[in-house]
Amino acid sequence: MGNRAYNFNAGPAALPLEVLQRAQEEFVDFKGIGMSIMEISHRSSEYEQVHNETQALLKRIFGIPDGYQILFLTGGASSQFSMIPMNFLKAGKVGSYVLTGAWAEKAVQEAALFGEVALAASSKEQKFMKIPALSEINLDPNSAYLHITSNETIEGAQFQSFPDTGNIPLIGDMSSDILSRPVDVSKFSMIYAGAQKNLGPSGVTVAIIKDDLLVDLPKTIPTMMRYETHSKNNSLYNTPPAYSIYMVNLVLKWIEEQGGLTVIEKNNIEKSGLIYSAIDSSNGFYRGPVDLGSRSNMNITFRLQDEELEKKFIKETEGQGFVGLKGHRSVGGLRASTYNAVPYASCKALAEFMTDFQQRNS
Ligand code: PMP
């Protein structure tokens, strides 16, 4: 399709063209029922089939062992920042966090509203340009859980491996890198992600929670804030974001058609590699601020010598069909988000543009 942009948006972000086309085909008349999936009851067999199949696909593709619940929640990943301490931070325990960037910081701030919080490690002094080494994580044995942010979307830093936390539940915010690579899910007691980067459109947040974590939870918190409410009702306590879940279903089928997470990871490394090489071979014209060992395969952040040149870069890219390359407003600079659905051709076009821009401006 000739008029598709080179979409490097950070989220909501690119969706696979095949998924959009399939959704378009089924939009007005879903599987011959004479209605769209948005126009039917969430208790209907047609919707329930999509709902349950989406869970089954995620379980298979992500390798989720038995003994985990797969929940579809609303309120974005941001609501999880408060639901986690509300449900799991019991009196007398501490909520431990690895502070790696802007999103981890929000999770910490929210938890502090509910109880005692400890920083097991922090890279704030390094301006979040490095994920702390696993050996630097100092976990309080009295922790209710350890929370990490597997990929910091704004700074562009990503965990390359995950800590072993023994009996202390490990919770991961994977909003910006879920399904970008194989993960040993069994290391985690909970993984959650807003859908709008690698899973589908916004509107649904996926939470994968180990059954063990769901016992003995407080009954005094609002019904919709209780994981138990959603786990006991298969995420159908109230009306779920049905269309978003349907889109996640199509994205998961697309991932499976690509060959699953091993192939997806290989593609992602190749894609980000094109852009990182343009940075690294630029003799300092482009500067990747993130420590080499913490570089993200999803959000590639880089800078030019000064802001004027950065503005010029953005302006020129916009004229050539590139979208979303401006860094987050809190950090400035440039950012290319290369999620699963961003095609290799877009990354190649960007790397070529970068080399050309360098030649014309140095
Ligand atoms: N965590 C991370 C790592 C994110 O990138 C984002 C969104 N960009 C969030 C949490 C918040 O997600 P939401 O907008 O769905 O609340």
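Below 8 Å between Cα atoms, with a sequence gap of 6+, how large is the relative contact order for the chain in percent? Computed over the chain, the figure is 23 percent. Per residue, the accessible area of the range 229-293 comes to 43 Å² when a 1.4 Å probe rolls over the protein heavy atoms.
Out of 78, 45, 55, whose Cα points farthest toward the positive end of the dipole of the range 30-105 (charges: +1 Lys, Arg; -1 Asp, Glu; placed on Cβ)? The Cα lying farthest towards the positive end belongs to 78. Per residue, the accessible area of the range 1-108 comes to 46 Å², computed with a 1.4 Å probe over protein heavy atoms only. Under the simplified labelling scheme, the residue 223-residue 17 pair shows an inter-label distance of 4.7 nm, with each label point 7 Å from Cα along Cα→Cβ.
Here the 3J(HN,Hα) profile of the range 294-300, calculated from phi with Karplus coefficients 6.51, -1.76 and 1.60 at θ = phi - 60°, is 10, 4, 8, 8, 10, 10, 9 Hz, Gly and Pro shown as x.
For trypsin sites (Lys or Arg not before Pro), the sites in the range 125-188 that DSSP calls loop and that have at most 15 other Cβ atoms within 10 Å are 127. Dipole magnitude for the chain: computed about the Cα centre from +1 point charges on Lys and Arg Cβ and -1 point charges on Asp and Glu Cβ, it is near 320 debye. In units of the compact-protein estimate 2.2 N^0.38 Å, the chain shows a Cα radius of gyration of 1.01. For the range 235-362, a simple Cβ point-charge model (Lys and Arg +1, Asp and Glu -1, everything else neutral) yields a dipole of about 180 debye relative to the Cα centre. Kindly list the residues of the range 3-21 that lie in the label zone of residue 352, defined by a backbone N under 19 Å from the point 7 Å along the Cα-to-C-beta vector. The answer is 3-8. Set Lys and Arg Cβ to +1 and Asp and Glu Cβ to -1, take the dipole of the range 18-257 about its Cα centre, and tell me which of 169, 180, 239 lies farthest positive. My answer, from the dipole projection, is 169. With the highest mean first, a sort of the peptides 19-26, 165-172, 189-196 on other beta-carbon atoms found within 10 angstrom per residue produces 189-196, 165-172, 19-26. Exceedance of the 20 Å cut-off in Cα-Cα distance is limited, within the set 106/271; 90/210; 59/106; 127/311; 197/266; 90/124, to 106/271; 59/106; 127/311; 90/124. Relative to one another, the C-alpha centroids of the range 335-362 and the range 316-334 are positioned 11 Å apart. The calculated FRET efficiency for residue 359 paired with residue 320, based on their beta-carbon distance and R0 = 22 Å, is about 0.90. Partner aspartates and glutamates whose Cα lies under 14 Å from the Cα of residue 312, excluding those fewer than 8 positions away in the same chain, are identified as 356. In the chain, helical runs assigned H by DSSP with n ≥ 4 each contribute -39500 (n - 2.57); averaged across all residues and rounded to the nearest 500, the mean residue ellipticity at 222 nm is -11000 deg cm²/dmol. A simple spin-label model places pseudo-atoms 7 Å from Cα toward Cβ; at residue 109 and residue 45 they are separated by 4.9 nm. With all projection directions averaged, the alpha carbon convex hull of the range 239-362 covers 9.5 nm². Sorting the segments 177-186, 209-218 by their mean number of nearby beta carbons within 10 angstrom, highest to lowest, gives 177-186, 209-218.
Relative intensity of the range 86-145 on a log10 scale, I(q)/I(0) at q = 0.30 Å⁻¹, equals -1.24, per a Debye sum over C-alpha point scatterers of equal strength in the absence of solvent. Here is the result for the range 203-301: no GluC sites (Glu not before Pro) lie in DSSP coil with at most 13 other C-beta atoms within 10 angstrom of their C-beta. The stretch between residue 234 and residue 312, if pulled fully straight at 0.36 nm per residue, gains 23.1 nm over its current Cα-Cα span. Per atom type, the chain shows carbon and sulfur on 50% of its accessible surface, probed at 1.4 Å. Pairwise Cα separations in the range 189-233 fall into 5 Å bins from 0 onward with the following percentages, short to long: 5, 19, 25, 21, 17, 9, 4. Computed from the C-beta positions of residue 269 and residue 91 and an R0 of 45 Å, the FRET efficiency is 0.50 to the nearest 0.05.
The values are calculated or read from the model by the stated rules, or taken from the named source; none is laboratory data. Worth saying up front: this structure is predicted, and the values here are computed from it rather than measured. Note that we place each Cβ from the backbone using ideal geometry, even for glycine, and neighbour counts take in every protein chain shown. Quick note on the areas: whole protein, heavy atoms, side chains included, nothing else; ligands and nucleic acids left out. Shrake-Rupley method; radii C 1.70, N 1.55, O 1.52, S 1.80 Å.
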